[in-house]
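The values are calculated or read from the model by the stated rules, or taken from the named source; none is laboratory data. What you see is a predicted model; the values in this text were computed from it and never measured. Cβ: placed from backbone, ideal geometry, glycine included. Neighbour counts: every protein chain shown. SASA here: full protein model, heavy atoms, side chains in, ligands and nucleic acids out. Shrake-Rupley method; radii C 1.70, N 1.55, O 1.52, S 1.80 Å.
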Amino acid sequence: MEDIKALVQQMSLEEKASLCSGLNFWYLKGIERLGIRSIMVTDGPHGLRKQAGAADHVGLNESVPATCFPTASALAATWNRDLVYQVGVALGEECRQEKVAVILGPGANIKRSPLCGRNFEYFSEDPYLTGEIAKSHIKGVQSQGVGTSIKHYAANNQETRRMTTDSIVDERALREIYLAGFEIAVREAQPWTVMCSYNRVNGTYASDNQILMRNILKEEWGHQGLVVTDWGAMNERAVALKAGVELEMPGTPSGNDASIVAAVRAGQLDEAVLDGAVERILTLIQRAEASLTQDFAYDSQAHHALARRVAGEGAVLLKNEGGLLPLPVGAKIALIGGFAKMPRYQGAGSSLMNPTRLDNLYEELAKLIGETNLTYAPGYTEKGEVADEALIQEALDVAGKAELVVVCAGLTDMHEIEGLDRQHLRLPAGHAALIQRLAAAHRKVVVVLSNGSPVEMPWLGDVPAILEGYLGGQAGAGAIADILTGRVNPSGKLAETFPLQLEDTPAQPYPGGPATVEYRESLYVGYRWYDTAKVEVLFPFGYGLSYTTFAYSDLVVKRDDAIVAVTFKVKNTGAVFGKEIAQLYVRDVQSTVFRPDKELKGFAKVELQPGQETEVTLTLGRRAFGYYDVGNRDWVVEAGDFEILVGASSRDIRLSALLHIAKGSGTVSPVDKGKLASYYNPSKDRRFGKAEFESLLGRPLPADALPQKGSYDLNTPLSEMSGSFIGRQLYKLLSKQMRKMVEGKEDTPTGMLMLSMVKEMPLRTILMMGGSLNRRKLEALLLIINGHVLKGLGALIRS
């Protein structure tokens, strides 16, 4: 650290400011005269996306081959900390080979709604599970001397207008739901970097938000690394430095480095704040030094095998009526659906990567059961949006000659795209029609789903078996073949609730906007809502079947000062080896504040041979029983009774015990509920009313309205400047340029992302495009757009 401080002392003010933004899209700046190297950061999170050519950030240019592991939704469904750690190690090794200092991931945003277009890249609706999986991922990567960037901090839970919306969240929900996963990962894994999100949080852009970035992240949680903006998320540079955001990415001629210098010289920014930011940046560069200076080659075959194992543990058996699976030996199988030969294995957007190889289910299943036992029909078109009668009839003919049908369906690339939220929970019409027609014609149909988030299943009662494969990565098809044939016993469990229908979800309306997103469901997210309000669901949180069965027994709860030890036994009562995920929930029996019916506070994945029994011990600290007290700005435990619940899912509780926490150190006494102004009852209401929500917030709700003509600012989306002739022309020009960039790819995920991006991008993000435009020129242009032509022209000349 002394060496770093000495380096900072040797720098000019301009050199220090220069280090606070990138060199270009993927590299940080260096200072050659001081021996400070330029290091590379690049996209993840489920595989390395290092672009082989010029950078474009959204995948138009192909990346170098790398192992595509299952996406986050599948990783979380493993509930396996050690396995996720191994994935992190493998990602770190691939970064070492490619000389990448930081891989941008994992994503730790909460799945507030199943419609979020980026849910495939996030772990769970539950903050504890999110934090535990993220922690393991980070520790694995960083064990290799490579950094991570946990993202997107914070309350970035929709893709629609993600660069400009204001997430209005009450402080309890923010602390208990949306920050808690980040907190676990930061406190226990210390990611080298944290990526701030685009959006505003309670009125302030994340990059300017001192409460989030400095007060909570750095001072309260003790984060030792640096904060980097998401690409183009910087709002006001000097303000962001004060707030605790050290690094702006990407590097562009925005004029922000000069604005730092000007702020210091004008006395608006303490140079000590700049020095502290530079020290954190230099610490990152030094940490990466060892791995960057040594050559390394990873074992691609071993990584592919690991990817297959992970995909096998992340797949969730949702239904297996009559023990239809595993497939009978020697049975004639009809494999139906285009995904069987052209798999859907990853999401679309900045995480889109180039796999080292790609398995498909037809070939992998043929290897295991013999191609003579396998027939195939595509069943639907590539886009699958319309039922194709000819393809369905062909599939019915093939199925009619088979003993058992395996149909591969799910969401196409066009349904799950970064930057675009889903509009419904339905499968593409071609996929849904194929399943329904096959189920009507054949008694033994297995549905294998490939999707990154929940879907509706109106055909659930018509098929005897369903296997949720999620987006299983490059080896996912091999893992599905292993499960179908019984070589692997499925052990994944859902890290998110599958609702019966969209109307049952608590986040309504979704997406929010245009200017504000009101989180009126507060902390009733996912199973916290469904279980508290007793809403029927398709499949509950934590649910997943096995080819064997498990029994729970002998629950013992012991308290030793601030630690509660929960011990119980799990036994494999079936005939085959299996893995069980035992889940521990806590219920506050009677609270003076609104609380969910139960909350996940611990879990363990155990491996058991037939007849084998094991003892599991999970420990609970004070936080497991507490809620965030806004008035005291601290976590509070109320004296009283708590139920300790152990089970196989949030709705399959096998064991329970009552724990009494007496009044004493660290607890508060219950208050008579009758003295409370209101007591929220989620069995009656899905969302807080306006008055109640404002009471929770402690302030009036802001207007959900965009700036009007004459009052546009740098954060106004280009498409919303229609009241200005110059604004309209600028939007038309940029739209034309974007259409030219994606010509021939308009109907691809990348094309759709880029076309939507130009519509929603705020004016300030034009600076990301490079060229001669800088912040001062852009501000002058804004004056002209707002009708102050002469003043704007004068400013433009002076700039």
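For region 323-383, averaging the sequence separation of C-alpha pairs within contact (under 8 Å, six or more residues apart) and dividing by the residue count gives a relative contact order of 54 percent. Taking all Cα pairs closer than 8 Å and separated by 6 or more residues, the relative contact order of the chain comes to 14 percent.
Might you report the magnitude of the Cβ-based charge dipole of the chain about its Cα centre, with Lys and Arg at +1 and Asp and Glu at -1, to the nearest 20 debye? Before the final figure, lay out the partial values.
On the way: 86 positive and 94 negative charges, 196 e Å.
That gives a dipole near 940 debye.
Over the chain, accessible surface divided per residue gives 36 Å², non-protein components excluded, 1.4 Å probe. Straight-line cross-link partners of K745 among the lysines, defined as a Cα under 26 Å from its Cα and at least 8 positions apart when in the same chain: K50, K341, K383, K732, K736, K759.
Label separation (V576 vs K732): 6.4 nm, computed from points 7 Å beyond Cα along the C-beta direction.
Couplings for region 643-648, taken from phi via the Karplus curve 6.51 cos²θ - 1.76 cosθ + 1.60 with θ = phi - 60°, read 8, 9, 10, 10, x, 9 Hz in order; Gly and Pro are left as x. Solvent-accessible area of Y85, all protein chains in place: 90 Å² (probe radius 1.4 Å, heavy atoms, ligands and nucleic acids excluded). Where both bridge residues fall in region 403-535, DSSP classifies roughly 10% of the beta bridges as antiparallel. In summary, the lysines within cross-link reach of K218, defined as a Cα separation below 17 angstrom excluding same-chain residues under 8 places away, comprise K151, K242.
By DSSP, the beta bridges lying fully in region 1-141 are antiparallel in about 55 percent of cases. Can you tell which of V448, I285, S724 lies farthest toward the positive end of the dipole of the chain, using +1 and -1 charges on the Cβ of basic and acidic side chains (Lys, Arg; Asp, Glu)? Selected residue: S724. So what's the angle, to the nearest 10 degrees on a 0 to 90 scale, between helix 429-441 and the longest Cα principal axis of the chain? So the inclination is approximately 10 degrees. Of all beta bridges that DSSP places with both ends in the chain, some 60 percent have antiparallel geometry. Per-atom-type breakdown for the chain gives carbon and sulfur 50% of the accessible area (1.4 Å probe, protein chains only). Taking every alpha-carbon pair under 8 Å whose residues sit at least 6 apart, region 88-143 reaches a relative contact order of 49 percent.
Per-residue accessible area (protein heavy atoms, 1.4 Å probe) orders R437, R776 as R776, R437, starting from the largest.
Placing unit charges on each Cβ (+1 for Lys and Arg, -1 for Asp and Glu) gives the chain a dipole about its Cα centre, and among N24, A662, P106 the Cα reaching farthest toward its positive end belongs to N24. Here region 552-616 is treated with +1 on each Lys and Arg Cβ and -1 on each Asp and Glu Cβ, and its dipole about the Cα centre works out to around 120 debye. Between region 60-119 and region 335-410, the C-alpha centres lie 25 angstrom from each other.
Loop-resident GluC sites (Glu not before Pro) (DSSP state other than H, G, I, E or B) in region 9-111 with no more than 13 further Cβ atoms inside 10 Å of their Cβ: E62.
Against the chain, whose longest principal axis is taken from its Cα atoms, helix 300-314 shows a tilt of about 70°.
What's the angle, to the nearest 10 degrees (0 to 90), between helix 127-142's Cα axis and the longest principal axis of the chain? Helix 127-142 sits at roughly 70 degrees to that axis.
In this structure the amide hydrogen of L104, modeled in the peptide plane, comes within under 5 Å of the amide hydrogens of T42, D43, G44, none closer than 5 places in sequence on its chain.
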